[in-house]
1. Quickly estimate the mean residue ellipticity at 222 nm for the chain, helices only: each DSSP H run with n ≥ 4 gives -39500 (n - 2.57), and the total goes over all residues, rounded to 500.
2. Under a GNM of the chain (C-alpha, springs under 10 Å), which listed residue has the highest mean-square fluctuation: GLU91, GLU57, GLU72?
3. Report, to the nearest 10°, how far helix 24-40 tilts away from the longest principal axis of the Cα atoms in the chain, using its own Cα long axis and a range of 0 to 90°.
4. With the contact rule set at Cα under 8 Å and sequence spacing of 6 or more, what percent relative contact order holds for the chain?
5. Using mean Cβ contacts within 10 Å as the protection proxy, how do 4-10, 44-50, 32-38 order, highest first?
6. Taking the C-alpha atoms of the chain, how large are the radius of gyration and the largest Cα-Cα span, Dmax, in Å?
7. Between THR4 and MET85, what length in nm is gained on full extension when 0.36 nm per residue of separation is reduced by their alpha carbon distance?
Amino acid sequence: MLITIFAFRFGGGIWLDWEHTCDENELEAVADSARAKAADHDRPGSLLYLDYLEGAEYIFNTAFGTAENPREGDTNVYAVVVDQMVIGRYEELKRHFALKLSA
């Protein structure tokens with residue numbers, strides 16, 4: 001399985017786009033978290049792609065500061081790619097890829 005995380009990450013005083021391919025340990029953590037989210041929704045053993053997004057948010061979302069005063073490393077996941085399926089917030093993904101194409 002391949003899982004790629006798309007998020008905003010605070011660094012150098014600004015929010016930046018962050019794209020991260022999970023390593024083996026992170027894959028297992030996201031999958032475990034997705035299974036827990038499915039169980040929370042009374043669907044044990046029946047994973048939906050949305051569970052992977054919620055699982056990735058649980059594993060990768062980080063808040064060292066507040067919304068008004070973010071700190072270095074704060075992370076906010078907005079999408080996840082599981083193998084070839086994309087699950088996320090459309091506007092953020094559209095902006096992410098528009099920025100990549102213009103670079």
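1. Rounded to the nearest 500, it is -13000 deg cm²/dmol.
2. Taking springs between Cα atoms under 10 Å, the residue moving most is GLU91.
3. 60
4. Values: 168 pairs, mean separation 31.3, N = 103.
Dividing the mean separation by the residue count of the chain yields 30 percent.
5. Details: 4-10: 20.3, 44-50: 12.9, 32-38: 18.7.
Descending packing order for the listed peptides: 4-10, 32-38, 44-50.
6. 14.2, 44
7. Values: separation 81, 0.36 × 81 = 29.16 nm, distance 1.03 nm.
Working it through step by step, the gained length comes to 28.1 nm.
No value in this document is a laboratory result; all are computed from the given coordinates. The shown structure was predicted, so the numbers you read here are calculated from the model rather than taken from an experiment. Every residue, glycine among them, receives a Cβ derived from its backbone with ideal geometry; neighbour counts consider all protein chains shown.
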